[in-house]
Amino acid sequence: MEWLKELFVEHSALQAVVVVSLISTIGIGLGKIRFFGISLGTAFIFFVGILAGHFGLSLDPAMLTYAESFGLVIFVYALGLQVGPGFFSSMRADGLRLVSPAIAIVLLGTALAMAMSYAFGVSMPDMSGILCGATTNTPALGAAQQTLQQMGIDANGAALSCAVAYPLGVVGVILAVVFLRKLFVRPCDMPGPDAEHRKNVFIASYRLTNPAVFGKSVHEIAVHSHHHFVISRLWRNGQVSIPTSDRQLQRDDVILVITNRDEADALRMLTELQGRRHTVCTGVTVRRGGEILTESASTDVYFRPAAEAELWGYIRTGEPMDKAGAYGVQGLGALLVERLDGDFFNVMGLPVLRLSRMLERFGVHFFC
C-alpha cells in the first residue's frame with residue numbers, strides 16, 4: 001500500500017496529475033446528475049476540490065500554482081475557440097448594443113464591491129475575491145491575483161474569498177431563476193416560435209461547387225457578402241476544423257453555416273444550381289367531360305458561375321423566397337441565367353404555347 005500513499009499523499013508531479021485528474025473526473029460525473037431537473041455541470045468540479053481539500057488532500061505548492069495558471073490558460077483558450085466563429089460578425093452587427101451594458105455591469109459591480117468593502121470593513125483583496133466568486137468569473141480572479149501580487153499584496157485572501165462566494169454564485173443564481181420563474185412567469189408568457197420559424201437561427205451545411213469562391217478566404221467571402229452568417233465548421237478530406245478568417249475554401253469542401261431558415265434554403269438551392277445545368281419540367285392537363293389530355297414540357301436552364309456575394313445580394317431582394325427553384329427567370333433571377341434551351345414560359349411556371357396547342361385539339365382557338 002506504500003505505492004498508493006505515494007500516489008495520492010506524497011507531493012510530486014505525478015501525484016499532482018493523478019489528484020487533479022481524479023477530482024476532475026469525479027466532478028464531471030457528479031455534475032451530470034440532475035436534482036429537480038437542474039445539474040451543475042463542470043461547476044461540480046469546484047465543490048469536489050473543496051471537499052478534497054477539507055479532508056487534507058493537497059498538492060505541491062509549485063505544481064498547484066502551475067495547475068492554476070495552465071488551467072486558466074486552457075479555459076480562456078477553449079472559450080475563445082467556442083465563441084470565435086461568431087465573435088466578429090456579432091460585434092459588427094450588435095457591438096455597441098452588447099458592449100455598452102457589459103461595461104455598465106462591470107463598472108456597477110466594481111463600484112458596489114468597493115462601497116461594501118468600506119461599509120463592512122472587508123479588505124479590498126477579500127472583496128475582489130468575493131466579487132469574482134459571486135459572478136463565478138475565474139479569469140477575473142486570475143487577473144485580480146496577478147494584480148495583487150504585482151502590488152506586493154498577499155493574494156491568498158482573494159482565492160479564499162472566491163471559494164466561499166463561488167458556491168453561492170452557482171447555486172444562488174440557479175435558485176433565483178427557478179424562484180422568479182415559478183413566481184412571476186406563466187406558461188402563456190413564454191414566447192413561442194412563429195409559425196414558420198422564419199426568425200429562428202438556422203444551421204445548414206453546404207458542399208462548395210461554386211468556382212467563384214474556390215481559393216477565397218473566409219474573410220474575403222464575409223467582406224463581400226454584406227450579410228449576417230457564420231461559417232463555424234469546415235469538413236475537408238474527412239477532417240473537421242474550425243475555419244479561421246484566413247482559411248481558404250476549396251472545391252467540395254463542406255461548410256456549416258449559421259443563418260436563418262429562409263435564406264439558408266434559398267442559398268442552398270442557388271448554390272446547387274449555379275455553374276450547372278438543370279431541367280425544369282411542367283405537366284399540363286386539359287379536361288373536357290370525360291376526355292383528358294396530359295402533356296409535359298422540359299426546358300434546360302444553364303446558370304452562370306456566381307460569387308457568393310451575388311447570391312446573398314439576390315436573396316436580400318426577397319425575390320427567391322416564394323419561387324420553387326429559388327429564382328425568378330422573369331425578374332432579377334435572369335441575371336444569373338446564362339442561357340435557356342426550350343420554352344422560357346415553362347421556366348416561369350406554365351408552357352403557354354404547349355397549352356394553347358392542347359386547347360386547339362379541344363376546339364379552342366385564340367385567333368380565329
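Rule-based calculations on the coordinates, nothing more; no lab input. Predicted model, so just to flag it, every value in this text is computed and none were measured. In this analysis, Cβ positions are derived from the backbone assuming ideal geometry, glycine residues included, and neighbour counts consider all displayed protein chains.
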R0 of 45 Å, Cβ-Cβ distance Ser298-Ala78: FRET efficiency to nearest 0.05 | 0.25
In Å, the C-alpha Rg and Dmax of segment 6-162 are 18.3, 56
How do Lys216, Lys323 rank when sorted from fewest to most other Cβ atoms within 10 Å of their own Cβ?
-> Lys323, Lys216
Sticking to Cα atoms, compute the Rg of segment 284-355 to one decimal and its Dmax as the biggest Cα-Cα distance, whole number, in Å.
-> 15.5, 53
Fewest to most Cβ atoms within 10 Å: Val213, Val48 sort as Val48, Val213
For Ser241 and Leu359, what does the FRET efficiency come to when R0 = 41 Å and r is the distance between their Cβ atoms, rounded to the nearest 0.05?
-> 0.10
Take the alpha-carbon centre of segment 342-360, take the same for segment 1-70, and report the distance between them in whole Å.
-> 75
How large is Rg/Rh for segment 313-368, to two decimals, with Cα atoms and a Kirkwood Rh?
-> 1.15
For segment 276-308 and segment 98-127, distance of Cα centres in Å = 69
With θ set to phi - 60° and the Karplus curve 6.51 cos²θ - 1.76 cosθ + 1.60, what are the ³J(HN,Hα) couplings of segment 242-256 in order, to the nearest whole Hz, using x for Gly and Pro?
-> 9, x, 7, 5, 9, 6, 8, 9, 10, 4, 6, 5, 10, 10, 9
Ranked Tyr166, Tyr118, Tyr327, criterion: other C-beta atoms within 10 Å, fewest first = Tyr118, Tyr166, Tyr327
